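Where a number appears in this text, it was derived from the coordinates with a stated rule and is not lab data. Predicted model, so just to flag it, every value in this text is computed and none were measured. FYI the Cβ positions are ideal-geometry reconstructions off the backbone, even for glycines, and counts take in every protein chain you see.
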């Protein structure tokens with residue numbers, strides 16, 4: 001069998017390593033290391049200038065033994081089938097660890113939305129949704145926002161999908177997407193969910209180590225939704241942001257950067273470069289900045305064999321999916337830097353997506369306090385279970401998280417069996 005390489009290869013290798021350590025049933029491993037469905041659509045879009053362009057979109061459905069497929073939709077030039085396979089597999093593990101009855105999926109369109117005006121991004125989004133057809137559904141595969149997608153994107157998908165439904169069924173299908181605008185059935189707290197879950201996990205880590213978050217320093221890579229919200233929420237705990245990096249470059253201030261002020265600047269300018277309350281530094285200096293906590297909240301494979309040795313922190317709390325490749329992860333372990341892995345640490349998004357999905361199914365509205373309470377309880381429970389697995393198998397937290405996911409999935413397959 002051909003060995004997978006790159007991002008997807010790293011994900012599969014991680015599952016195999018965890019399976020070997022826990023002695024997972026090999027028949028179940030065969031199932032979990034393959035995706036169930038892979039949808040590729042090449043679709044034409046008539047742009048606002050009257051010309052037709054072709055686009056390629058993906059939806060990969062990994063496993064739905066826990067519940068309907070669910071996962072993000074991203075718009076990015078790097079989107080490809082291997083990335084979608086990896087993200088869908090990670091999503092299955094993430095939902096399983098969180099104890100959410102969702103399966104794993106991932107999707108995307110291979111283009112850079114910043115190269116197009118809003119009208120054309122809407123046309124591309126709607127045409128992709130229509131092309132997917134019955135491959136998505138409120139009880140089958142639920143989409144949510146990811147890189148370069150947002151509540152507006154979800155609103156376009158919702159409207160397009162509902163237009164394909166018989167009129168009498170439309171109001172019963174609004175949970176086909178989560179991360180919607182609040183007035184369209186979205187869940188309060190969804191915008192900060194991934195970051196809020198991350199901060200809850202960091203709080204548990206700090207409690208275990210008698211570490212005072214009120215005097216902590218932290219750096220953030222990526223100042224999108226997760227990075228910005230994590231910065232704001234940690235500031236509320238008394239921690240100090242000393243360095244931030246986005247695509248425009250890193251900035252640094254040893255005395256602290258005000259996340260609220262930086263966010264205002266970012267909204268006005270679209271980037272953090274030029275922010276006058278911090279100095280511009282290079283990427284190497286950003287990585288080497290001394291702090292207690294580093295939050296990678298950008299794209300995958302940012303902590304590598306080249307970058308991991310430069311980090312000068314106590315904890316890496318993964319806000320992005322798979323920000324550490326296998327060599328980077330190995331080096332962090334050797335250097336005794338704690339890691340809260342993505343499939344535990346950033347599962348707040350899938351937890352609150354489930355809250356939104358459930359509210360839509362029940363025609364209910366929950367207050368923010370209730371959503372946050374449910375999220376905190378789920379994160380604390382998941383953190384404790386992964387911590388116990390790490391102690392039981394005398395392994396690192398990433399492997400322990402995978403063991404926890406595989407153990408839960410194995411129990412389900414042993415009960416249900418495999419249809420002959």
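Calculate the radius of gyration of the Cα atoms of segment 289-375 to one decimal place, then report Dmax, the largest Cα-Cα distance, as a whole number, both in Å.
16.6, 50
Summing -39500 (n - 2.57) over the DSSP H runs of n ≥ 4 in the chain and dividing by its residue number, what mean residue ellipticity at 222 nm do you reach, to the nearest 500 deg cm²/dmol?
Helix contribution divided over all residues of the chain: -14500 deg cm²/dmol.
Counting DSSP beta bridges in the chain, what percent are antiparallel, to the nearest 5?
50 percent
Roughly speaking, what is the centre-to-centre gap between segment 1-30 and segment 353-420 when only Cα atoms are used, to the nearest Å?
The distance from the Cα centre of segment 1-30 to that of segment 353-420 comes to 20 Å.
Distances longer than 28 Å among the Cα atoms of segment 35-174: what percent of all pairs is that?
15 percent
Please arrange 272, 182, 39 by counting, for each residue, the other beta carbons lying within 10 Å of its beta carbon, fewest first.
182, 39, 272
I'd like the distance between the alpha-carbon centres of segment 235-249 and segment 274-323, rounded to an integer number of Å.
If you average the Cα positions of each part, the centres end up 10 Å apart.
Just to be sure I understand: if I project the alpha-carbon convex hull of the chain onto a plane and average over all orientations, what area do I get in nm²?
21.0 nm²
For 76, 266, 62, 16, which order do you get if you count the other beta carbons within 10 Å of each Cβ and list the fewest first?
16, 76, 266, 62
Return a whole-number percent for the relative contact order of segment 193-340, with Cα pairs under 8 Å and 6 or more residues apart as the contact set.
22 percent
Ranking 386, 52, 45 by Cβ neighbours within 10 Å, fewest first, what do you get?
52, 45, 386
Evaluate the relative contact order of segment 35-174 (contact order divided by residue number), counting alpha-carbon pairs under 8 angstrom at least 6 apart; express in whole percent.
Relative CO of segment 35-174 lands at 26 percent.
Taking Cα pairs under 8 Å and at least six residues apart, what relative contact order does the chain come out at, in percent?
16 percent
Scattering from the C-alpha atoms of segment 188-318 alone, worked out with Debye: what is log10 I(q)/I(0) at q = 0.11, 0.18, 0.20 1/Å?
-0.34, -0.95, -1.19
Calculate, axis by axis, the spread of Cα positions in segment 265-420 along the three principal axes, and write the results as whole Å, longest axis first.
Rounded to whole Å, the extents work out to 57, 42, 30 Å.
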